[in-house]
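Trainee: Take a look at the following structure, please.
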Amino acid sequence: MSSIPGIPNSGVHSLATVLKRLEAATARLEDIALAQANASAVHRAAPDLAPHVPSATPPPAAPAAAAPLEEDELPLSIKAYDKWLAGPVGEYVRLSGEVGHPFVEQQAQTVFELFTQTRDVLLRAGACVKPAAQTEFQDALAPLVALLRQVGDAAANKEVGGEIVNHLKAVAEGIGAAGWITVEPKPGPFIGEMKDAAQFYANRVIKDFRDKDNKQVDWAKSFSTLLAELQKYVMAHHTTGLAWNAKGIPFASYTYPTTSSTTAPVPAAAGGAPPPPPPPPPPPPVFDDARAPAAPAPPAGGADAVFAEINRGEDVTKALRKVDKSEMTHKNPALRGNAPVPPSPASGKPKPPAKPASLSRALSQKKPPKTALEGNKWFIENHENSNAVVIEETAIGQTVNIFGCKSTTIQVKGKVNAITMVGCTKTSLLLDSLVSSLNITASPSFTVQILGTVPTILVDATDSGQVFLSRDSLGAEIITAKASAINISLPDPEQGEEEGLFKEFAVPEQFRTRVVEGQLVTEVLQHKD
């Protein structure tokens, strides 16, 4: 065949291939037209036999299943997720096997299975339109919810004891980050909250095994890295929520791949061979004057009805009548409660669909309050609206850990080594004296009153807090980071502490940084009155 400019001699787009495809498409159109003509003729000649004559119109061909995606054809978001799975997640699973405890290893395998199934959800979202019904998406997440519960139940296992408890609790607190796929519009900060909750127990592991077993320390750091890298991935590829495909297939039509996790989404098909390429256009309509159905009447109302009424001219006002004063609602307040025309149920703005509940919230059950001494550590956890949390039998070598309390007043009597408060809200703390430091992290609206001495006070990632110092603790060193609205109250030297009068001073939040002789010099920005 002679070469024609613009058409290759070989390949998919060669002239021979194009002619073959056109012939196949033409034959397909002729079959459809012939079948419709035969069906119309049979219907007109013998209408009483029509129920017994099989339909000559061929059934619609099933859509062709999508070919498996090669590794190079995967979306960038899936490639980045696979890199995260093979990197931080794989390192965490490997170290979990080297910790030397079956519960930790089993929990890690469940975590890996959870994140692997999450990958399938990401593939499905990338191939489907976001479902309008919330329940449809929530039902698809049922396997993930079950795995999340298994991870949380591992920390509540009564057979687990000793120092391994902090390992399981760290993962149980942080695994809620997997619920980011249901969080909108800020899934990234949500993962950060889960990471902070897990960091509390991860720090315990690091503290208990420092200079003892470096594998345990590496394990704690690996899980924190896992969550930190997950947050980076979500911020890069799912900034405002799970990314859906606006031009994809319906959510219910998706079928998970059965052979390999790298295959592309396979839409559900009803069966049958795929049509020849290219797919034929829709068949032309068949006109049958004898049996053509009447055109449907235009719906009442709308623009057509308005113009029709306008074209009537003066006849429009013939049906109107003068309203009597007794029927006027502005002159008869008693009539205002009875609306003559009930409001249409379709009127008004439709209610926006509620956001899907977070997986972590679906799983989060109110944990029982805990006040216990384990070794030389006090644990005060999950108290809410309580004013009677008092620790009396203390020793100078003990530490107090306060976690997850809300609207609670806690009193620590005697002198202890250190106190740490993490993830508490509107919590008040009254203490006597400390040997080392008071550490407050992510605990907004806290109040602390010191009766004795405290060398150091650390406030990190906290908004709004009040610290009352005694005369003996005026030499305390106060260190703040990422904190705002922190006020320090000092005893009024004129009235005396016994009078209960304090002077309040705000911790500076504005700083000025300059370059002086090649160095950065930062100083508090003072505002002159």
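The values are calculated or read from the model by the stated rules, or taken from the named source; none is laboratory data. Just so it is clear, the structure is predicted and the values come from calculations on it, not from any experiment. Glycine also receives a Cβ, built like all others from the backbone with ideal geometry; neighbour counts cover every protein chain displayed. We work out accessible area using only protein heavy atoms, side chains counted, and drop any ligands, DNA or RNA first. Shrake-Rupley method; radii C 1.70, N 1.55, O 1.52, S 1.80 Å.
Trainee: Restricting to the stretch 368-389, what's the tally of residues that are over 21 Å from ARG204 (Cβ atoms) and open to solvent by less than 50 Å² (accessible area, probe 1.4 Å)? Explain how you work it out, then say what you get.
Mentor: Of the stretch 368-389, the ones over 21 Å from ARG204 (Cβ atoms) are 384-388.
Within this subset, residues satisfying the condition of being open to solvent by less than 50 Å² (accessible area, probe 1.4 Å) are 386.
Going through the stretch 368-389 one residue at a time, the tally reaches 1.
Trainee: Quick one: ARG514 ticks every box in (1) modelled with pLDDT of 90 or more; (2) out of contact with any helix residue (DSSP H, G or I) (no Cβ under 6 Å at 6 or more places or on another chain); (3) surrounded by 13 or more Cβ atoms within 10 Å (Cβ to Cβ) bar one, so which box is it?
Mentor: The one condition ARG514 does not meet is (3).
Trainee: So which residues in the stretch 141-154 are touching a residue at least 24 places away in the same chain (Cβ under 8 Å) and either outside any loop (DSSP other than H, G, I, E, B) or surrounded by fewer than 16 Cβ atoms within 10 Å (Cβ to Cβ) (or both)?
Mentor: Looking only at the stretch 141-154, we keep the residues that are touching a residue at least 24 places away in the same chain (Cβ under 8 Å), and these are 141, 143-145, 147-152, 154.
If the condition is that a residue be touching a residue at least 24 places away in the same chain (Cβ under 8 Å) and either outside any loop (DSSP other than H, G, I, E, B) or surrounded by fewer than 16 Cβ atoms within 10 Å (Cβ to Cβ) (or both), then PRO143, LEU144, VAL145, LEU147, LEU148, ARG149, GLN150, VAL151, GLY152, ALA154 are the ones that fit.
Trainee: Specify which of the listed residues (ALA197, ALA178) is modelled with pLDDT under 90 and under 28 Å from the mean Cα position of the chain (by Cα).
Mentor: Sole residue among the options that is modelled with pLDDT under 90 and under 28 Å from the mean Cα position of the chain (by Cα): ALA197.
Trainee: Further question on the same structure: Return the total of residues in the stretch 405-435 being in contact (Cβ under 8 Å) with a residue 40 or more places away in the chain and at positive phi.
Mentor: 1
Trainee: Sort through VAL111, VAL104, VAL99 and tell me the only one that's under 30 Å from TRP244 (Cβ atoms), among the hydrophobic types (A, V, I, L, M, F, W, C) and buried (at least 18 other Cβ atoms within 10 Å of the Cβ). Quick ask: steps written out before the conclusion?
Mentor: Working: VAL104 fails: under 30 Å from TRP244 (Cβ atoms); VAL99 fails: under 30 Å from TRP244 (Cβ atoms).
None of the other options fit; the residue is VAL111.
Trainee: Just the residues that are more than 41 Å from the chain's Cα centre (by Cα) and over 12 Å from ALA476 (Cα atoms), please, taken from the stretch 427-453. Break it down stepwise before answering.
Mentor: From the stretch 427-453, those more than 41 Å from the chain's Cα centre (by Cα) are 432-433, 435, 451-453; that's our starting set.
ASP432, LEU451, listed by residue number.
Yes/no matrix, rows are residues, columns are (1) more than 28 Å from ASN157 (Cα to Cα); (2) within 17 Å of the chain's Cα centre (by Cα); (3) assigned to a loop (DSSP other than H, G, I, E, B):
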{"site": "LYS79", "(1), (2), (3)": "yes, no, no"}
{"site": "GLY87", "(1), (2), (3)": "yes, no, no"}
{"site": "VAL93", "(1), (2), (3)": "no, no, no"}
{"site": "GLY97", "(1), (2), (3)": "no, no, no"}
{"site": "GLY100", "(1), (2), (3)": "no, no, yes"}
{"site": "PHE112", "(1), (2), (3)": "no, no, no"}
{"site": "PHE115", "(1), (2), (3)": "no, yes, no"}
{"site": "ASP139", "(1), (2), (3)": "no, yes, no"}
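Trainee: Just a yes or no: is a residue in the stretch 217-224 within 22 Å of the chain's Cα centre (by Cα) and in contact (Cβ under 8 Å) with a residue 60 or more places away in the chain?
Mentor: The answer is yes; a qualifying residue exists.
Trainee: Hey, among the residues in the stretch 459-475 that are among the hydrophobic types (A, V, I, L, M, F, W, C) and crowded, with 18+ Cβ neighbours inside 10 Å, which one's nearest to the chain's Cα centre (by Cα)?
Mentor: The extreme case among them is VAL459.
Trainee: Assess whether ALA236 counts as being surrounded by fewer than 15 Cβ atoms within 10 Å (Cβ to Cβ), in contact (Cβ under 8 Å) with a residue 24 or more places away in the chain and within 17 Å of ALA80 (Cβ to Cβ).
Mentor: yes
Trainee: Determine if the stretch 488-501 includes at least one residue that is open to solvent by 70 Å² or more (accessible area, probe 1.4 Å), within 23 Å of LEU458 (Cα to Cα) and at pLDDT 85 or above.
Mentor: no
Trainee: Is there any pair linking a residue in the stretch 243-255 that is over 19 Å from ASP139 (Cα atoms) to one that is not in a loop (DSSP other than H, G, I, E, B), with Cβ under 8 Å and at least six apart or on different chains, and which?
Mentor: ASN245/ALA125; ASN245/GLY126; ASN245/ALA127; ASN245/CYS128; GLY248/GLY126; GLY248/ALA127; GLY248/CYS128
Trainee: If you don't mind, another one. Restricting to the stretch 213-227, name every residue that is of a type outside the set (Ser, Thr, Tyr) and surrounded by 15 or more Cβ atoms within 10 Å (Cβ to Cβ).
Mentor: Start the filter on the stretch 213-227 by keeping residues that are of a type outside the set (Ser, Thr, Tyr), which leaves 213-221, 223, 226-227.
Of everything in the stretch 213-227, those that are of a type outside the set (Ser, Thr, Tyr) and surrounded by 15 or more Cβ atoms within 10 Å (Cβ to Cβ) turn out to be ASP213, GLN216, VAL217, ASP218, TRP219, ALA220, LYS221, PHE223, LEU226, LEU227.
Trainee: Let me ask another. Give the residues of the stretch 423-446 that are closer than 15 Å to HIS383 by Cβ, crowded, with 16+ Cβ neighbours inside 10 Å and hydroxyl-bearing (Ser, Thr, Tyr), sorted by residue number.
Mentor: THR427, SER428, SER443, listed by residue number.
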